[in-house]
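What follows is a single structure, written as structure tokens, with notes after it.
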Amino acid sequence: MKFSIITPSYNGAKYLRQCLESVARQTDVEVEHIVADSCSTDDTPDILKEFPNVKVICESDKGMSDGINKGLKACTGDWWMWLNTDDFLEDGALKKVQDFIERHEDADAVYGGWHFINKDDEIYRSPIALPYNLSMLIYYGCYIASTAIFYKKSATLDKGEYIQERFKQVMDQEYFVRLGTLKLKFYPMPKLKIARFRVHGNNISMRYSNSKDIDGILTRQFQLAESITVRRKYGLTPFKNSHLNAVFDCIMFFFFKGLKIAYEIFVYIKTKIKNDE
């Protein structure tokens, strides 16, 4: 079994070395690491030279989704994931994922938990891998981390299922949902922490959250529109009136938020009971 790790890159030198080292430290697995760099102008090229085993694709792209796809078109692994430059894998994660896949040969995608860390590498929250629920992904949003999920190449890329490049913000949500509608089998690994997801204020999903200038506000609205697009494409539209559909979306959001909390409580109680036995 071979893993392909795809890292889209543009001026992410600050954390890039840590990302590359985390993949290089993986043992007892076959892995290729592909960095799709959009002609970075910082120290990225020099850092990449320190890792000769990393395959580098250096050409301009139209954004992160396009960069990921450039890497995916070059990957040769049986299973693949994307790992952003500011995130990194836990030691031994790939071997544990491989062992899980070998026990679940019918899986098309497997995903685990992860740690949220700040700019100083401090863990402040550690979500677990909850059961896959298509409707919850549509109406609540991503509760699976893009940095903690692996896809079988034969079930995705070999069938033409690449990242939707028109999505700049919730490309992961759209991909999770699209694969779900194709009836792919998702398996959670609730006991396993795959990676660390860094929150530093400049993440794409957070950069314009509190912006007060016109450009920032418009950018944020385009980002929010992507989630609405996912709901309209894959979810229900019970009314002709867009305002009523927005109310319906809010109701569904809070319903699935409650379901997510219930999932988390159930998994916590189940884990605690098992540990006490």
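Bear in mind these aren't lab numbers, they're just calculated from the coordinates by the rules spelled out. It should be emphasised that the depicted structure is a prediction, and the values quoted were computed from it without experimental measurement. Every residue, glycine among them, receives a Cβ derived from its backbone with ideal geometry; neighbour counts consider all protein chains shown.
General observations
- Counting only DSSP beta bridges with both residues in the chain, the antiparallel share comes to about 25 percent.
- Counting beta carbons within 10 Å around each of 226, 105 and listing the fewest first gives the order 105, 226.
- Using just its DSSP H runs of length 4 or more, each adding -39500 (n - 2.57), the chain gives a mean residue ellipticity at 222 nm of -13000 deg cm²/dmol after division by all residues.
- Sequence ranges 55-64, 213-222, ranked by mean other-Cβ count within 10 angstrom, highest first: 55-64, 213-222
- Net charge over other residues, Cβ less than 11 angstrom from the Cβ of residue 98 (K, R count +1; D, E count -1): -1
- The protection proxy used here, the mean number of other Cβ atoms lying within 10 Å of each residue, ranks peptides 135-148, 243-256 as follows, highest first: 135-148, 243-256.
- Net charge of the neighbourhood of residue 197, taken over other residues with C-beta under 9 Å away and scored Lys/Arg +1, Asp/Glu -1, is 0.
- Pairs spanning more than 26 Å between alpha-carbon atoms, out of 62/240; 2/233; 185/257; 233/260; 183/233: 62/240; 2/233.
- Computed about its Cα centre, the charge dipole of the chain is approximately 1040 debye, with only Lys, Arg, Asp and Glu carrying charge at their Cβ.
- Length-normalised contact order of the chain in % [C-alpha pairs under 8 Å, at least 6 apart]: 20
- Long hydrophobic helices in the chain: the complete DSSP H runs spanning 27 Å or more by Cα along their own axis with mean Kyte-Doolittle hydropathy of at least 0.5 are 242-276.
- Ellipsoid semi-axes for segment 2-198, based on the Cα gyration tensor and the rule √(5λ), read 24, 19, 17 Å when sorted largest first.
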